[in-house]
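Enquirer: Sharing a structure, written as structure tokens. Questions coming.
Values quoted throughout were computed directly from the atomic coordinates according to the rules given, and no laboratory measurement underlies them. Please read these numbers as outputs of a predicted model, since none were measured by experiment. Heads up, the Cβs are rebuilt from the backbone with ideal geometry, glycines too, and the neighbour counts pull from every protein chain shown.
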Amino acid sequence: MEKKHKQSRFKDVWRQLRKNKLAVVALVVLVLLLLVAIFGPLIAPYPYAQQNPRASYAGSSAEHWLGTDKLGRDILSRLIVGARYSLEMGVIAVAIASAIGITIGAIAGFYGRWVDNLCMRLLDIYQAVPMLLLAITLAAILGPSLRNAIIALGIGMVPSFARLMRASVLTVREKEYVEAARAINASDARIIAKHIVPNAMAPIMVEITMGVGSCILAGAALSFIGLGVQPPTPEWGSMIAEARDVMREHPTLALYPGICVMISVLACNLLGDGLRDALDPRLKN
């Protein structure tokens, strides 16, 4: 019965989501980006680090559709492979932030009283520093690398997930199914894991989708200032950083990775908007 209910819920959400054409287009774009990230090295025309000094700053041609950089490396190949690292920063950082934030928010919202006050006051202190500034500080302390950038971004986004989960838990903790679980002496951990969190996840799913876009943009910023992915590994932010000295002479070197970042973030935001509308019961026909 529970499985059928979940399937019916999924079909209902999908039916509502399909009505939003922009959200469907965004979903298709994100799926394509995910496939490119997975199979990037296989579909890239050239190895991303292959150099050809004779073809330095070559324009678009049959051999190099988007041209080459100062070392003669194929831009298209680097964009394709770079999608893996940009999406990896976004997805894994959000996974870290959501796992920690959901746990804190669920505990604070379920127990309330002094536990809630303690968690919220600590988060108030936490959020006194802007997320990107905190991520830059942590990345600088840990050292520039892909792994450390992911950790820094994940830690920086914890408060938003914790507060959203707490607010959602407060709306469901007094529901009948929670009272029934208490009546049969279910443990607090089981109530939270089996009844509270699954029924409080709707706004979290929207936040996760939009959070991936935010982390892609923040990750590109970290790489741009040298605290993220390190050369010669391609990442959209680091590619923009490499092109900044020749931006006037060869603007496309920065334009192409910038467009990739823009499309990824826009797709995440549009899909998040669509999910928010699909999960809102007030908008259902």
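Enquirer: Test of understanding: ordering M239, M262 by Cβ neighbours within 10 Å, fewest first, what list do you get? Walk me through the numbers on the way to the answer.
Expert: Working: M239 28, M262 12.
If I rank by nearby Cβ atoms, fewest first, I get M262, M239.
Enquirer: How much length is gained if the chain between S61 and L170 is pulled fully straight, taking 0.36 nm per residue apart and subtracting their Cα-Cα distance, in nm to one decimal?
Expert: Residue separation times 0.36 nm, minus the Cα-Cα distance, leaves 33.4 nm.
Enquirer: Next question. Relative contact order for the chain: what is it in percent, counting Cα pairs under 8 Å that are at least 6 residues apart? Walk me through the intermediate numbers first.
Expert: Values: 424 pairs, mean separation 69.2, N = 285.
About 24 percent, as a whole number.
Enquirer: Calculate the dipole size of the chain relative to its Cα centre from +1 charges on Lys and Arg beta carbons and -1 charges on Asp and Glu beta carbons; express the result in debye to the nearest 20.
Expert: Working: 29 positive and 20 negative charges, 187 e Å.
Rounded to the nearest 20 debye, it is 900 debye.
Enquirer: How far is helix 146-156 tilted off the main Cα axis of the chain, in degrees rounded to 10, range 0 to 90?
Expert: 40
Enquirer: Can you give the three extents of the C-alpha atoms in the range 105-181 along their principal axes, from longest to shortest, in whole Å?
Expert: The principal-axis extents, from largest down, are 50, 22, 14 Å.
Enquirer: Pick out, from G154, I184, M262, the residue whose Cα sits farthest towards the positive end of the charge dipole of the chain, with +1 on the Cβ of Lys and Arg and -1 on the Cβ of Asp and Glu.
Expert: It is I184.
Enquirer: Can you report the principal axis dimensions of the chain using only the alpha carbons, biggest first, rounded to whole angstrom?
Expert: Extents along the principal axes, in whole Å: 76, 44, 28.
Enquirer: When only alpha-carbon atoms count, how far does the range 9-142 stretch along each of its three principal axes, as whole angstroms with the largest first?
Expert: 69, 46, 21
Enquirer: Using DSSP to define loop residues, name the GluC sites (Glu not before Pro) in the range 118-206 whose beta-carbon has at most 14 other beta-carbon atoms within 10 Å. Write out the running numbers ahead of the final one.
Expert: Values: sites: E174, E176, E179; in loops: E174.
When the GluC sites (Glu not before Pro) of the range 118-206 are filtered for loop state and at most 14 Cβ neighbours within 10 Å, E174 remain.
Enquirer: For a quick protection proxy, order the peptides 160-166, 131-137 by their average other-Cβ count within 10 Å, most packed first.
Expert: 160-166, 131-137
Enquirer: Just in the range 34-105: which chymotrypsin sites (Phe, Trp or Tyr not before Pro) are loop by DSSP and have at most 16 other Cβ atoms within 10 Å? Walk me through the numbers on the way to the answer.
Expert: Numbers: sites: F39, Y48, Y57, W65, Y85; in loops: Y48, Y57, W65.
Answer in residue order: Y57, W65.
Enquirer: What does the extension gain come out to for I184 and R147, with contour length at 0.36 nm per residue minus their alpha carbon separation?
Expert: 8.9 nm
Enquirer: Continuing with the same structure: Viscosity 1.567 mPa s, temperature 4 °C: give me the Stokes-Einstein translational D for the range 73-141 in µm²/s, with Rh taken as the Kirkwood radius over C-alpha pairs.
Expert: Answer, rounded: 88 µm²/s.
Enquirer: Subtracting the Cα-Cα distance from 0.36 nm times the residue separation, let me have the gained length for L122 to M247 in nm, one decimal.
Expert: Full-extension gain reported as 40.6 nm.
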